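K.L.:
If you scroll down you'll find the structure; I have some questions about it.
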Amino acid sequence: MRKSQRFFVYLRVGFGGFINRKEKNMINYGLPYQGSKSAIAPWVISCLPPGDTLVDLFCGGCAVTDAAMRAHRYKHFIINDISPMMPSTFVKALKGGFRGEDRWIDRETFSRLKNTDPYVALCFSFSNNRKDYAYGKPVEPYKKAIHYAIVFDDWEPLKELCPDVVDAAYAALNGVSDRYERRSRCLAVIRRQLKKKCGLPICIRKASSPRKPPKP
């Protein structure tokens with residue numbers, strides 16, 4: 001996988017509450033997008049006829065185009081969508097335009113920038129719908145605290161909100177630089193500490209199994 005293409009996995013997984021599919025060796029194709037064809041993109045590509053150019057109409061998050069590029073099935077690609085943000089963001093990502101992006105976006109910033117900033121619109125919207133903020137008001141401070149701990153190694157927000165968790169989480173993440181691993185360890189610690197404190201099993205959703213492609 002080319003370095004520029006790693007962004008798509010990183011963008012979906014690296015921030016906020018996005019699903020970590022690395023644990024099950026799953027590949028996320030294209031941008032995080034509501035109704036993405038990522039889960040069936042390889043199957044779609046296998047059904048397409050050979051040629052020099054792929055025309056991806058209604059491309060959405062460009063999952064099909066991304067899969068085709070990785071498979072080296074075509075030499076040229078034409079992508080189109082009713083939302084200009086999607087194809088332009090895909091091209092920007094291919095050029096490394098989001099490398100190093102790690103901002104935390106609060107509710108007010110989301111409302112102000114969601115129509116102009118694709119990182120804001122895609123990474124911090126509910127189900128990547130680009131319209132509604134991802135987190136409810138009671139949850140937002142905790143999501144921010146975890147983001148700061150995982151991404152910035154800043155533990156003060158988490159210490160203020162969850163003093164019973166922060167020491168164990170810091171110890172588990174100390175010296176770990178990979179964000180996938182940091183997120184996984186942080187969730188494991190939170191689950192373990194809450195279970196210990198409350199005496200009840202804590203359910204944290206894990207990556208769902210990939211959807212099966214329709215039969216031809």
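The values are calculated or read from the model by the stated rules, or taken from the named source; none is laboratory data. On a predicted model such as this, the values are computed, not experimentally measured, just so you know. Please note: Cβ atoms are built from the backbone with ideal geometry, for glycine as well, and neighbour counts cover all protein chains shown.
K.L.:
Is it the case that region 118-131 has a residue that's surrounded by 15 or more Cβ atoms within 10 Å (Cβ to Cβ), in the same structural domain as Asp81 (by TED's automatic domain parsing) and farther than 21 Å from Tyr29 by Cα?
P.N.:
No: zero hits.
K.L.:
Check region 28-37 and report whether any residue there is at pLDDT 90 or above, at positive phi and surrounded by 13 or more Cβ atoms within 10 Å (Cβ to Cβ).
P.N.:
yes
K.L.:
Going by what's in this entry, would Lys159 be described as surrounded by 15 or more Cβ atoms within 10 Å (Cβ to Cβ) and at pLDDT 95 or above?
P.N.:
No; evaluated as a whole, the condition is false for this residue.
K.L.:
Another question, if that's okay. Having 3 or more residues that are without any contact (Cβ under 8 Å) to a residue 12 or more places away in the chain is the bar; report the helices (runs of 4 or more DSSP H) wholly within region 129-201 that clear it.
P.N.:
The helices (runs of 4 or more DSSP H) meeting that bar are 163-173, 179-198.
K.L.:
Quick one: in region 89-103, which of the residues that are assigned to a helix (DSSP H, G or I) and touching a residue at least 24 places away in the same chain (Cβ under 8 Å) is surrounded by the most Cβ atoms within 10 Å (Cβ to Cβ)?
P.N.:
Phe90
For every residue, the table says whether it meets (1) of a type outside the set (Lys, Arg); (2) surrounded by fewer than 18 Cβ atoms within 10 Å (Cβ to Cβ); (3) not in a helix (DSSP H, G or I).
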residue: Phe77; (1), (2), (3): yes, no, yes
residue: Ile105; (1), (2), (3): yes, no, yes
residue: Phe110; (1), (2), (3): yes, no, no
residue: Asn115; (1), (2), (3): yes, yes, yes
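K.L.:
Considering only region 26-60, how many residues are without any contact (Cβ under 8 Å) to a residue 60 or more places away in the chain and either in a loop (DSSP other than H, G, I, E, B) or not assigned by TED's automatic domain parsing to the domain that holds Ala121 (or both)?
P.N.:
Qualifying residue count, region 26-60: 14.
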